[in-house]
Amino acid sequence: MEVSALQKARYAYTPKLPACLSREITRIGLELGSPTESIADQGKLKALFKNSYGKPLASFVQGNNDKIGRVLAVGVILSGGQAPGGHNVIAGLFDGLKKGNPESKLYGFLGGPSGLINNKTVEITSPFMDEYRNTGGFDMIGSGRTKIESPEQFASSLETAKKLGLDAVVIIGGDDSNTNAALLAEYFLAQGSSIQVIGCPKTIDGDLKNEYIETSFGFDTAVKTYSELIGNIERDANSAKKYWHFIKLMGRAASHIALECALQTQPNICLISEEVEAKKLSLRQVVDQICDAVVKRAENKENFGVVLIPEGLVEFIPEMKTLIEELNDIMAKKEKEFSELESFHEQSIWLVTQLSDPSGYLFTSLPEEIAKELLMDRDPHGNVQVSRIETEKLLMNMAESRLKDLKEAGTYKGAFSTQNHFFGYEGRCAFPSNFDSDYCYSLGFSAFVLIASGLTGYLSSVRNLTAPAAEWIAGGVPLTMMMNMEHRHGAEKPVIKKALVELEGEPFKAFEALRDTWAVKTSFLFPGAIQYFGPAEVCDQPTKTLRLEHSKEQP
């Protein structure tokens, strides 16, 4: 296989491990804490997870571990959307297994969880593994979004694991995938099986985190990739001085990506979905906020700027959320009646008679192309696919209309030319940063030690991430500890709770303290490309979010 010079160099990179995982393999001991509780709904979750609820926190310490040299067979799954560093989780797991006992085997399930259900596997050997070390993507074994949820799927998963003679299954995924890992661990135990299940925290959105999971892997690389692109656009905007750039960024459920990119690049405006929801801002108020900055910058003869928009913003605007919920309900109950209407004009007139008055007014005020997206693009459950709504165009068009009114009123005399962008897939498969390469490798190696120590129902954990890698703290967190009950698809279900941007947290407060200045004064920062070689302060730094959360950086 032909590879680039950078890829060759990345193959040669040796990820750094915490000191607790770098010692002689038989000297990696296990220390267990007190029993844990879930973050909410303790009674309900204890009843659902009769065999796996309340497990203690696990830490790796210096000690004796007679179990670690056993011959093991492990299967690994990449689940959900891609995130930089997934291959290094597999590499850390593989190297740990081989270090424990060269006879141990690692199998990759092809295409995500469906590979476990349907027994589609490949054995991961040293030459195969070496082709993917420190590289982006999930192309080594592929990924998928199949959920293991039916009795037949659970039974097939156990049958596959037994046929392969597995001691454990490792699921590399986000909050939904690791909720699935918790359910699978409980199912195996309920069936009297000793097959273990361990998770690893993945998602570029950054919303799988808590006290013991300081960040999900891939977030570091993704935000640095996006920030390079945003910085390039800011430089272009400041050069041409004639465009306002509206940039939508991935992050449907949380705004961590937008916030981190704002801290790295200092755009004129960055909208934070959680703040919009907390303040109950209307769509008009959000647009007015943008227009206010445009008008003030025009007074300084600066008819250009950059606006960052989280992917899921529309669901956090209360009136838009209500509109979407009403549309979903109408489509579920009256789909046949709606489908018989041939033109968009007919559909719109009919919908207004079905919607509440506020939602009907809002729907008719939307730009036509956005209104069409709300109607035409629906998921298999009949719901609006919010991630496909071109929010950047919605805000851009509404701002243009509002500014036209201000110009006619004589309160705005500038020019407003626009460009729109969506940065999403560009960041999901980049070469992982040194931080993600090290972090992911440590997560994989930690997963091996959890397996070798006989644990199940745990998420691999590596903490103290603002310190040098040697000082990182490795161990495991019980999956049930991070769970609560949520209403999904008409029923209460156990899920790992998503971590949203905390408006009282240090990252948001740092942004809040400076954003009014950025809105008016051009303060762009240009982070440049991810650096893989050079001094640690350039190459190994974690995100500003992490540094602020751990008081390693001042606003």
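Listing for the model above:
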quantity: Filter pass, GLU369 being in contact with a Gly (Cβ under 8 Å, 6 or more places away or on another chain) and either farther than 23 Å from PRO318 by Cβ or assigned to a helix (DSSP H, G or I) (or both); calculated: no
quantity: Residue list for segment 7-52, restricted to those being under 26 Å from the mean Cα position of the chain (by Cα) and under 25 Å from SER437 (Cα atoms); calculated: GLN7, ARG10, TYR11, TYR13, THR14, PRO15, LYS16, LEU17, PRO18
quantity: Enumeration of residues in segment 534-550 that are over 18 Å from ALA510 (Cα atoms) and either among the basic types (Lys, Arg) or free of Cβ contacts under 8 Å to residues at least 12 places away in the same chain (or both); calculated: GLY534, PRO535, GLU537, VAL538
quantity: Some residue of segment 512-519 being surrounded by 15 or more Cβ atoms within 10 Å (Cβ to Cβ) and closer than 28 Å to GLY96 by Cβ; calculated: no
quantity: Complete set of residues in segment 432-461 that are assigned to a loop (DSSP other than H, G, I, E, B) and under 14 Å from ALA91 (Cβ atoms); calculated: PRO432
quantity: Exclusive hit being in contact with a Phe, Trp or Tyr (Cβ under 7 Å, 6 or more places away or on another chain) and at pLDDT 95 or above, set GLY75, GLY54; calculated: GLY75
quantity: Which numbered condition GLN264 fails, given (1) in contact with a Pro (Cβ under 9 Å, 6 or more places away or on another chain); (2) part of a helix (DSSP H, G or I); (3) crowded, with 22+ Cβ neighbours inside 10 Å; calculated: (3)
quantity: Qualifying residue in segment 17-24 (condition: part of a loop (DSSP other than H, G, I, E, B), touching a residue at least 60 places away in the same chain (Cβ under 8 Å) and of a type in the set (Gly, Ala, Ser)); calculated: no
quantity: First in segment 122-141 and among the basic types (Lys, Arg), second anywhere and surrounded by fewer than 22 Cβ atoms within 10 Å (Cβ to Cβ) and in a helix (DSSP H, G or I), Cβ under 6 Å, 6 or more apart; calculated: ARG133/TYR11
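Condition check ((1) surrounded by 19 or more Cβ atoms within 10 Å (Cβ to Cβ); (2) part of a strand (DSSP E or B); (3) out of contact with any helix residue (DSSP H, G or I) (no Cβ under 8 Å at 6 or more places or on another chain); (4) modelled with pLDDT of 95 or more) across all residues:
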residue: SER156; (1), (2), (3), (4): no, no, no, yes
residue: LYS162; (1), (2), (3), (4): no, no, yes, yes
residue: GLY165; (1), (2), (3), (4): no, no, yes, yes
residue: ILE172; (1), (2), (3), (4): yes, yes, no, yes
residue: ALA182; (1), (2), (3), (4): yes, no, no, yes
residue: ALA185; (1), (2), (3), (4): yes, no, no, yes
residue: SER193; (1), (2), (3), (4): no, no, no, yes
residue: VAL197; (1), (2), (3), (4): yes, yes, no, yes
residue: ILE204; (1), (2), (3), (4): yes, no, no, yes
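Residue by residue, here is whether (1) modelled with pLDDT of 95 or more; (2) touching a Leu at 6+ places or on another chain (Cβ under 9 Å) holds:
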position: CYS261; (1), (2): yes, yes
position: LYS279; (1), (2): yes, no
position: CYS291; (1), (2): yes, yes
position: GLY305; (1), (2): yes, no
position: LEU351; (1), (2): no, yes
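Every residue, every condition in (1) out of contact with any Cys (no Cβ under 6 Å at 6 or more places or on another chain); (2) assigned to a helix (DSSP H, G or I); (3) surrounded by fewer than 21 Cβ atoms within 10 Å (Cβ to Cβ), yes or no:
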{"site": "PRO84", "(1), (2), (3)": "yes, no, no"}
{"site": "ALA91", "(1), (2), (3)": "yes, yes, no"}
{"site": "LEU97", "(1), (2), (3)": "yes, yes, no"}
{"site": "GLU103", "(1), (2), (3)": "yes, no, yes"}
{"site": "ASN119", "(1), (2), (3)": "yes, no, yes"}
{"site": "MET129", "(1), (2), (3)": "yes, yes, yes"}
{"site": "PHE138", "(1), (2), (3)": "yes, no, no"}
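The values are calculated or read from the model by the stated rules, or taken from the named source; none is laboratory data. From a predicted model like this one, the values you see are computed outputs, not experimental measurements. Backbone-built Cβ (ideal geometry, glycine too); neighbour counts: all protein chains shown.
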